[in-house]
Amino acid sequence: MLFQNALIENSTTTTCIRVENGRFAAIGPELTPNPGEEVVDLQSKLVLPPFIESHVHLDTCLTAGDPVWNMSGTLFEGIECWAKRKEKLSKADIKERVNRAVRMYATHGVQHIRTHVDVTDPSLVAMETMLELREELRELVDIQVVAFPQEGILSYPNGKQLMTDAVKMGADAVGAIPHFEFTREYSVESLNFALRLAAENDKLVDVHCDEIDDEASRGLETVAARALELGLFDKVTASHTTAMHSYNNAYVVRLMRLLKMSRINFVSNPLVNTHLQGRMDTYPKRRGVTRVKELTAEGLNVSFGQDDIFDPWYPMGVGNPRDVVFMGLHVCQMMGYQEIMDSYKFITTNAAKTLHLGEEYGIEVGRPASFVVMDAKNYYDALSANAVMLCSYRKGRKIAENVPASSKVLA
Ligand code: FE2
């Protein structure tokens, strides 16, 4: 199969792409169709590697308003709403919602998802179900599952054992939530435990780290120090790190040295943290998004995630990664021309590095022929005009498409 007239990753000259046996067989300016080969004219549209959701909670998705709406929109009322919804949690319920969410993601060109799954539940039903879904949904998406201790590791009964069990069941990554533990000592011990567990079992790490406006919340330095000392480096990701928004600059300068030595990844969730953080402030109200611009400038790897889709903590979301990039660029003040052009990397190549997709990702000969085509000529135009994702190819097979709506001015 031969694709002609592709503008790959903001290139200004068109390229041809040959796909054979589900992999990129050739990429070049002039490829001649072989006899009988199917030819697709991409009409000078933007071609990108598939989008990646690097941080979401699929086990809670699509539950907003069931059984009650979060009227204040706060994190704390969200927790109360979820406690009521959690009573109805079953394998069938999770499967029905996750299937719907993954299909929503597919229509927006997402082919890889890292989901955090709550394991502070003695039944571990959500973990068991998500591991089944990881297999059942392989045609549409690669799912990475993080064992996420929503209520803490040291601060929840049997927390260490539940984490260990989740890893044994087949979780891909180990989580932690240091800012939620009862004490600072528990916070440090929970991180020591989580990173050791990952090192011993050859797993990735993704910590909900300092998701609080407390400038004294300093889980991040422990995450980075253990990543360095255990040799885990970029297998480790710090998600949220919203407290860094409030750290004093002298501390950040000191911390930055360690972060660079540790080479850990960062995931920022600009939609949800702009919505939930700063709630204890009067005015001025903090944005509560980590220092994406500064981390990026220092050469650290940052991606953007959605975090929640239509659940008690975030009442919106359709699985379109464009939404997080759009909000992220605004709130992080990253709207210089080149910053906008490059911003697709927050939901593609940077996220691929975080998920350790390696040579199974990217538009290069020999790799799986997975890509999306946007109704625009470059990412600036795609973002600005909210361009439609025209089609999504996964391992050489078209798995989703959209037809742009047409509009007319009649006066
Ligand atoms: Fe999260």
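The values are calculated or read from the model by the stated rules, or taken from the named source; none is laboratory data. Just so you know, these numbers come straight off a predicted model, no measurement behind them. Every residue, glycine as well, gets a Cβ built from its backbone with ideal geometry; the counts of neighbours run over all protein chains shown.
Key figures
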item	result
Selection status of VAL324, in a helix (DSSP H, G or I) and crowded, with 21+ Cβ neighbours inside 10 Å	yes
Listing of strands (runs of 3 or more DSSP E) fully contained in region 1-65 that carry 2 or more residues being closer than 30 Å to ASP307 by Cβ and within 28 Å of the chain's Cα centre (by Cα)	39-48, 51-56
Hits in region 170-196 (condition: among the β-branched types (Val, Ile, Thr) and within 24 Å of the chain's Cα centre (by Cα))	VAL174, ILE177
Meets criteria (among the hydroxyl-bearing types (Ser, Thr, Tyr), within 16 Å of the ligand (Cβ to nearest atom) and at pLDDT 95 or above) for THR241	yes
Any hit, region 265-277, residues being away from the ligand (no atom under 16 Å from the Cβ), aliphatic (A, V, I, L, M) and out of contact with any Lys or Arg (no Cβ under 6 Å at 6 or more places or on another chain)	no
Single condition VAL205 does not satisfy, out of (1) outside any helix (DSSP H, G or I); (2) within 16 Å of the ligand (Cβ to nearest atom); (3) closer than 24 Å to MET280 by Cα	(3)
Subset tally (residues that are away from the ligand (no atom under 16 Å from the Cβ), β-branched (Val, Ile, Thr) and assigned to a loop (DSSP other than H, G, I, E, B)) for region 211-238	0
Residue satisfying all of: in region 244-264; more than 18 Å from ALA216 (Cβ to Cβ) and either in a loop (DSSP other than H, G, I, E, B) or touching a strand residue (DSSP E or B) at 6+ places or on another chain (Cβ under 6 Å) (or both); nearest to the ligand (Cβ to nearest atom) among these	ILE264
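So that you can scan it fast, the table gives a plain yes or no per residue for (1) surrounded by 22 or more Cβ atoms within 10 Å (Cβ to Cβ); (2) without any contact (Cβ under 8 Å) to a residue 12 or more places away in the chain; (3) within 16 Å of the ligand (Cβ to nearest atom):
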site	(1), (2), (3)
LEU58	yes, no, yes
CYS61	yes, no, yes
GLU77	no, no, no
GLU87	no, yes, no
THR107	no, no, no
LEU124	no, no, no
